[in-house]
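The values are calculated or read from the model by the stated rules, or taken from the named source; none is laboratory data. Please read all numbers here as calculations on a predicted model, not as lab measurements. All Cβ positions, even for glycine, are placed from backbone atoms using ideal geometry, and neighbour counts span all protein chains on display. SASA here: full protein model, heavy atoms, side chains in, ligands and nucleic acids out. Shrake-Rupley method; radii C 1.70, N 1.55, O 1.52, S 1.80 Å.
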Amino acid sequence: MNDAVATAILGDAVLDPREVARQFPVLEQSVHGKPLAYLDNAATTQTPAAVLDAMRRFEQHDRANIHRGVHTLSQRATDAFEAARATVKRLVGADGRHELIFTSGTTDALNLLAQGMVLAPEGEPLLRAGDEIIVSGLEHHANLIPWQQAARRAGASLRILKPDAEGRIHVQDLRALLSNHTRVLAITQCANATGYCPPLRELLAVAADAGAITVIDAAQSVGHGQLDVAALGCDFAAFSAHKMYGPMGTGALVGRRDLLERLAPLRFGGDMVDTVSFEEATFADLPARLEGGTPNVGGIVGMAAAARYVADLNAHGLSAHLAALRAHGVEGLRQIPGLRILNPDAAEAEAIISFVSDNVHPHDIGTLLDEAGVAVRTGHHCAQPLMRHLGIVATTRASFAAYNTHQQVDQLIAGVASAIKFFQ
Ligand code: PLP
């Protein structure tokens with residue numbers, strides 16, 4: 001999909017979710033005889049025809065391996081891959097100081113970063129013994145465990161920026177944790193388990209002032225068009241295409257070029273080398289240096305189409321639409337006795353509503369919602385330490401995307417109310 005096609009899809013109008021939904025073939029189905037209300041977008045968004053078409057076009061007309069062929073298809077595939085890099089960089093506000101490395105997703109990107117900081121085949125590693133890594137207590141396991149492992153391997157220590165009892169992060173708590181040894185602050189732009197968005201700009205500024213390398217997990221924000229690495233002033237950000245209307249198994253690490261140059265490559269092999277002898281190898285420049293092996297080129301082409309799609313949604317009022325859906329959901333769920341919504345405050349939350357009932361287990365609520373055609377996620381959302389900190393075992397989580405309607409929010413509210421009534 002090019003920009004002209006994207007604009008044709010949405011026209012000049014304010015975002016109409018029914019019009020958007022028509023672009024998503026998977027949403028046309030019923031579940032248990034009920035129209036599908038897909039509210040599990042924080043786990044994975046669905047993919048529009050424009051993205052599916054871009055991938056199919058690549059596989060049918062341009063498929064070849066990249067960077068090492070002189071033939072026409074290889075050159076076309078290489079051009080498509082590098083054009084995709086430029087497109088995704090544009091979506092996330094990367095400028096001349098940044099480079100973007102394609103990965104298989106957020107998890108892969110954060111592992112590439114954390115492990116690459118520890119190992120340094122040439123020069124000084126970015127993480128050394130005695131350094132301190134601060135990770136927020138809001139994180140998905142993907143932005144915690146790589147840092148636990150990196151700390152262990154480097155002889156560094158891990159410090160947790162704990163949220164308060166409501167799950168909020170405070171800048172003064174970060175100030176208290178920072179020291180001369182702080183090397184990294186890793187924090188999410190939006191907590192996937194609760195929807196809470198920490199005061200990122202302030203936190204990043206305070207950490208950068210103290211000399212820390214700042215890392216954002218943007219998995220939940222990239223699909224809302226909310227990631228702008230230059231404006232935020234972060235050093236690195238990681239995200240996945242499948243949470244921004246793109247394919248699974250693709251994603252990226254974007255970061256400051258001078259810092260990326262100091263990461264050790266972890267995937268040695270084809271495409272990432274300069275010269276190789278039987279005894280040793282020298283490595284290529286960025287970005288190839290960190291992209292060893294054949295990438296998912298068709299997926300990356302789809303990721304670029306998704307990036308254009310998100311940019312277009314964003315220009316047509318995506319944020320306002322998501323905020324209105326969330327406000328509607330919070331308002332309706334609040335009326336249900338015995339239900340507690342985590343982080344209900346609209347000013348501090350993204351398109352996620354996470355809630356617990358006094359009497360009914362989230363899995364029971366999720367199962368009855370499924371029977372009513374409503375897809376939500378239940379469980380600890382890969383954030384076990386945060387759940388434990390909040391004194392919760394699991395939540396039910398509804399999360400919104402451009403194609404969700406207010407009618408579906410009503411379907412959610414009615415489904416939750418009847419599930420709770422059923423089990424009481
Ligand atoms: N970080 C956050 C905040 C997430 O919500 C997720 C996925 O749910 C991840 C990281 C991991 O993303 P992926 O599984 O695409 O690597």
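Restricting attention to region 179-200, the residues being more than 13 Å from residue 217 (Cβ to Cβ), away from the ligand (no atom under 16 Å from the Cβ) and crowded, with 24+ Cβ neighbours inside 10 Å number 0. Scan region 24-46 residue by residue and report those that are open to solvent by 10 Å² or more (accessible area, probe 1.4 Å) and of a type in the set (Phe, Trp, Tyr). Once the filter is applied, which keeps residues that are open to solvent by 10 Å² or more (accessible area, probe 1.4 Å) and of a type in the set (Phe, Trp, Tyr), region 24-46 yields only 38.
Exactly one residue among 156, 208, 176 is open to solvent by 60 Å² or more (accessible area, probe 1.4 Å), out of contact with any Pro (no Cβ under 7 Å at 6 or more places or on another chain) and away from the ligand (no atom under 16 Å from the Cβ), and that residue is 176.
Meeting the requirement of 3 or more residues that are of a type outside the set (Gly, Ala, Ser), the strands (runs of 3 or more DSSP E) wholly within region 233-325 are 251-256, 273-276. Just one residue in the set 337, 385 is over 22 Å from residue 142 (Cβ atoms) and not aliphatic (A, V, I, L, M); that residue is 337. Taken together, the residues in region 100-150 that are more than 10 Å from the ligand (Cβ to nearest atom), under 25 Å from residue 389 (Cβ atoms) and open to solvent by 10 Å² or more (accessible area, probe 1.4 Å) amount to 6.
Taking residue 73 as the residue in question, decide whether it is without any contact (Cβ under 8 Å) to a residue 24 or more places away in the chain, over 17 Å from residue 228 (Cβ atoms) and either open to solvent by 10 Å² or more (accessible area, probe 1.4 Å) or not assigned by TED's automatic domain parsing to the domain that holds residue 55 (or both). Taking the combined requirement at face value, the residue satisfies it.
Reported count of residues in region 214-248, each being touching an Asp or Glu at 6+ places or on another chain (Cβ under 9 Å), within 11 Å of the ligand (Cβ to nearest atom) and over 23 Å from residue 194 (Cβ atoms), is 0. Any residue in region 61-68 that is under 28 Å from residue 192 (Cβ atoms) and more than 16 Å from the ligand (Cβ to nearest atom)? No, the conditions are met nowhere in region 61-68. Residue 44 meets all of the listed conditions (1) out of contact with any His (no Cβ under 6 Å at 6 or more places or on another chain); (2) not assigned by TED's automatic domain parsing to the domain that holds residue 288 but one, namely (1). When you go through (1) of a type outside the set (A, V, I, L, M, F, W, C); (2) free of Cβ contacts under 8 Å to residues at least 60 places away in the same chain; (3) buried (at least 17 other Cβ atoms within 10 Å of the Cβ) one by one for residue 332, which number turns out not to apply? If we test residue 332 against (1) of a type outside the set (A, V, I, L, M, F, W, C); (2) free of Cβ contacts under 8 Å to residues at least 60 places away in the same chain; (3) buried (at least 17 other Cβ atoms within 10 Å of the Cβ), just (2) comes out false. Which ones in region 357-375 are in contact with a Lys or Arg (Cβ under 9 Å, 6 or more places away or on another chain), within 16 Å of residue 339 (Cα to Cα) and outside any strand (DSSP E or B)? Residues satisfying the conditions are 358, 362, 366.
Would you call residue 355 more than 22 Å from residue 244 (Cβ to Cβ), open to solvent by less than 50 Å² (accessible area, probe 1.4 Å) and either at pLDDT 95 or above or touching a strand residue (DSSP E or B) at 6+ places or on another chain (Cβ under 6 Å) (or both)?
Values: more than 22 Å from residue 244 (Cβ to Cβ): yes; open to solvent by less than 50 Å² (accessible area, probe 1.4 Å): yes; either at pLDDT 95 or above or touching a strand residue (DSSP E or B) at 6+ places or on another chain (Cβ under 6 Å) (or both): yes.
In short, yes.
Can residue 48 be described as out of contact with any Ser or Thr (no Cβ under 9 Å at 6 or more places or on another chain), at pLDDT below 95 and away from the ligand (no atom under 16 Å from the Cβ)? It is false that residue 48 is out of contact with any Ser or Thr (no Cβ under 9 Å at 6 or more places or on another chain), at pLDDT below 95 and away from the ligand (no atom under 16 Å from the Cβ).
Among what's in region 76-92 and is surrounded by fewer than 18 Cβ atoms within 10 Å (Cβ to Cβ) and touching a helix residue (DSSP H, G or I) at 6+ places or on another chain (Cβ under 8 Å), pick the residue that is farthest from residue 246 (Cα to Cα). Among them, the one singled out is 76. Of the set (1) touching a residue at least 12 places away in the same chain (Cβ under 8 Å); (2) in a loop (DSSP other than H, G, I, E, B), all apply to residue 353 but (2). Could you please give the count of residues in region 164-173 that are within 16 Å of the ligand (Cβ to nearest atom) and in contact with a Pro (Cβ under 8 Å, 6 or more places away or on another chain)? Going through region 164-173 one residue at a time, the tally reaches 1. Yes or no: region 108-121 includes at least one residue that is touching a Gly at 6+ places or on another chain (Cβ under 7 Å) and not small (Gly, Ala, Ser). Yes. Residue check: residue 243 meets all listed conditions (1) touching a Gly at 6+ places or on another chain (Cβ under 6 Å); (2) farther than 30 Å from residue 52 by Cβ; (3) of a type in the set (Lys, Arg) but one, namely (2).
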